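Single-structure report; data block below.
The values are calculated or read from the model by the stated rules, or taken from the named source; none is laboratory data. Note that the structure is predicted; figures quoted are calculated from it, not measured. When the accessible area is computed, the model is the full protein with side chains, heavy atoms only, and any ligands, DNA or RNA have been set aside. Shrake-Rupley method; radii C 1.70, N 1.55, O 1.52, S 1.80 Å.
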Amino acid sequence: MSRGDVTARYTRTAQALHWATLAFVLAVLPLAWVAESLPKGNEKSTVFVVHRSVGLTIWALIVCRLLWRARHGAPPEQDGAGPVLAFLGQASHWLLYFIFFAMPVSGYLMSGNGKPVSYFGVLSIPGFPKDEALNRVATTLHLAGQWAVYALVLLHIAATVWHVAVRRDGLLARMLPPQQVRS
């Protein structure tokens, strides 16, 4: 594939799952920041219910993405990317899958410690018996994981900008529907 010649795209389903994941990630982060800034009370609890629910939705999207990718694969790597760029791209994608899978799990382990977890106030997901040691580990992983999310999302955005503005290789178009060029 030559620069700017994009013929291999992700499937429309993979694209939709990608952009839905982005939308929910852009929602979950500020929800956590807002919830942490609120004093204890109903408003804080409500914002955390929404934060947890969005996190569980991200988990479900990641499971769907992994299943879809296992069945349909990814488009072939671009010509000229080289083995190092190809490896870095694949590694960063798998790290994003991992962190977006692990964060909701650690959040659930924190929240479901001795009580059920509410999903948008309409579904109650069973918790498990209270375990303080597990809660401490889950809390530590969740708080450390947030920094991994920030770093990996920023890396993903920076790589996309680099492909669009510097390499101009059409990589972003792989994750977009075909564009109609009007004359």
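Normalise the Debye intensity by I(0) for the stretch 28-183, one equal point scatterer per Cα, no solvent, then take log10 at q = 0.09, 0.11, 0.12, 0.21 Å⁻¹ and round to two decimals.
So the normalised log intensities work out to -0.41, -0.58, -0.67, -1.40.
Tell me, what is the per residue accessible area of the stretch 24-136 in Å², probe radius 1.4 Å?
Working: 6770 Å² over 113 residues.
Per-residue value: 60 Å².
Of the heavy-atom accessible surface of the stretch 65-183 (probe 1.4 angstrom), what whole percent is carbon and sulfur?
70
Rank Lys115, Lys40, Lys130 by mean-square fluctuation in a GNM of the chain with C-alpha springs under 10 angstrom and give only the top-ranked residue.
Lys40
In the stretch 1-83, how does Rg compare with the Kirkwood Rh, expressed as the Rg/Rh ratio over alpha carbon atoms? All intermediate terms of the calculation are to be shown ahead of the outcome.
Details: Rg = 18.2 Å, Rh = 15.3 Å.
Result for the stretch 1-83 is an Rg/Rh of 1.19.
Per DSSP H run of n ≥ 4, the term is -39500 (n - 2.57); total these for the chain, divide by its residue number, and report the mean residue ellipticity at 222 nm rounded to 500 deg cm²/dmol.
On the way: 4 runs with 117 residues, N = 183.
Calculated at 222 nm, the ellipticity per residue is -23000 deg cm²/dmol.
Under 10 Å, Cα contacts only: if you run a Gaussian network model on the chain, which one of Ala133, Ala20, Ala159 comes out with the highest mean-square fluctuation?
Among Ala133, Ala20, Ala159, the largest mean-square fluctuation in the Gaussian network model of the chain belongs to Ala133.
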